[in-house]
Amino acid sequence: CVIDTGINSSHTAFTGRILAQKCFCDASDLGGAGCCQDTTNEDDDATDDHGHGTHVAGIAAGNGAGVIGVAPGANLVIMKVTNSAGTGLFSDITQAVNWCTSNSSLYNITVITISLGGGSYTAACDSDYTSLSQEISTAWSNNISVTVAAGNDASTTIMTSPACINKTISVASSSKTDSIASDTNRNFLTDLFATGVSILSSSKSGSTETRSGTSMAAPHVAGMIAILQQYKNNVEGRPLTSQEVNDTI
């Protein structure tokens, strides 16, 4: 379940594997800036008019058109929570997490990935985002991992939200040679590093493009978790618990 700017659903890297789309970004939420195709809270069209979400989805689960994601056989559920400028509200992210958890059995959702964030936090921020923290905890209790980008402020002390929420898997960025990316945030809340520098993935134009940042690192971990869950189900006929995922990675 990818919570981001949406997806180019006609991109051949995702053919036949987008199970559901939702838009939780009302035009009225952002002063008429334009989000969903109508003014409802649950539009079924998560068209990406920014590009970030299509790139993130390709990293996690792209398969075709020059893009091979970490879990190329995985299906996708897409939540659009921003306008065309990439601006969104935490309340819309909260609704999206709730929807993914509520529909996890229907779509076999085992991981949520969020490459969005804001603010600067030197400690856990659950008390500042009580509703979102509660929804993420509910996802955790339903064995749904939540990977979140740590932010790109080149800080060794701060983390953006929601990566600072306790039950998330906070992901910082490294290079392809395993060095710490120069622009990544990382502090004691960081759970792990993943590749986030010069990542080729799908573009909203239907082709490919290269992007860098913790936004690219988080979906690498989401794809890895999807593969771990598939393996566990095939071997033992049960999913990994959220705690087993964290212990493993």
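Yes or no, residue by residue, for (1) out of contact with any strand residue (DSSP E or B) (no Cβ under 6 Å at 6 or more places or on another chain); (2) farther than 16 Å from residue 62 by Cα; (3) buried (at least 22 other Cβ atoms within 10 Å of the Cβ); (4) modelled with pLDDT of 95 or more:
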residue: 168; (1), (2), (3), (4): no, yes, yes, yes
residue: 190; (1), (2), (3), (4): no, yes, no, yes
residue: 206; (1), (2), (3), (4): yes, no, no, yes
residue: 212; (1), (2), (3), (4): yes, yes, no, yes
Residues being surrounded by fewer than 24 Cβ atoms within 10 Å (Cβ to Cβ), within 19 Å of residue 93 (Cβ to Cβ), over 12 Å from the mean Cα position of the chain (by Cα) and not charged (D, E, K, R) - total across region 46-65: 3
Any hit, region 89-106, residues being modelled with pLDDT of 95 or more, within 24 Å of residue 141 (Cα to Cα) and part of a loop (DSSP other than H, G, I, E, B): yes
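Can you tell which of 120, 115, 104 is buried (at least 24 other Cβ atoms within 10 Å of the Cβ) and among the hydroxyl-bearing types (Ser, Thr, Tyr)?
115
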Members of region 140-166 found to be of a type in the set (Ser, Thr, Tyr) and either over 19 Å from the mean Cα position of the chain (by Cα) or open to solvent by 60 Å² or more (accessible area, probe 1.4 Å) (or both), listed by number: 141, 155, 156, 157
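In this structure, is residue 137 small (Gly, Ala, Ser) and either modelled with pLDDT under 95 or under 16 Å from residue 112 (Cα atoms) (or both)?
Details: small (Gly, Ala, Ser): yes; either modelled with pLDDT under 95 or under 16 Å from residue 112 (Cα atoms) (or both): yes.
For residue 137, the condition - small (Gly, Ala, Ser) and either modelled with pLDDT under 95 or under 16 Å from residue 112 (Cα atoms) (or both) - is met.
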Number of the exception - residue 127 against (1) at pLDDT 95 or above; (2) buried (at least 18 other Cβ atoms within 10 Å of the Cβ): (2)
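The values are calculated or read from the model by the stated rules, or taken from the named source; none is laboratory data. Computed from a predicted structure; not experimentally measured. Here Cβ is always computed from backbone atoms with ideal geometry, including for glycine, and neighbour counts include all displayed protein chains. The accessibility values were calculated without ligands, DNA or RNA, using every heavy atom of the protein model including side chains. Shrake-Rupley method; radii C 1.70, N 1.55, O 1.52, S 1.80 Å.
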